[in-house]
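Beneath this line is the structure, given in structure tokens, with notes to follow.
Only the coordinates and a few stated rules stand behind these numbers; no lab work does. None of the values given here were measured: they were computed from a predicted structure. Reconstructed Cβ throughout: ideal geometry from the backbone, glycine too, with neighbour counts over all protein chains shown.
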Amino acid sequence: MDASFYITHLNLQPHPEGGYFKENYRATESIPSGASPIRFNGPRTFSTAIYYLLQHGDYNEQL
């Protein structure tokens, strides 16, 4: 199996910084904005997880 198999079968989407990704978990609870450092505007989800696939040479040089 090659990268295209996983991109198709996992429905991965292009990532802005290169590669492909899909969120596969997002907690239902969040931290309210007042409980986080000031640099965070708005509530923050407890946890998220993604699948991420990066092929050789697949990156955004402009970042």
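Tabulated results
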{"quantity": "Relative contact order (%) - the chain, alpha-carbon pairs under 8 angstrom, separation at least six", "calculated": "36 percent"}
{"quantity": "Charge tally in the Cβ shell below 13 Å around ASN11, where Lys, Arg are +1 and Asp, Glu are -1, ASN11 excluded", "calculated": "0"}
{"quantity": "Extended-chain gain in nm, criterion 0.36 nm per residue less alpha-carbon gap, HIS56 and ALA35", "calculated": "3.5 nm"}
{"quantity": "Inter-label distance for PHE5 and GLU23, nm, one decimal - labels placed 7 Å from Cα along Cα-to-Cβ", "calculated": "2.9 nm"}
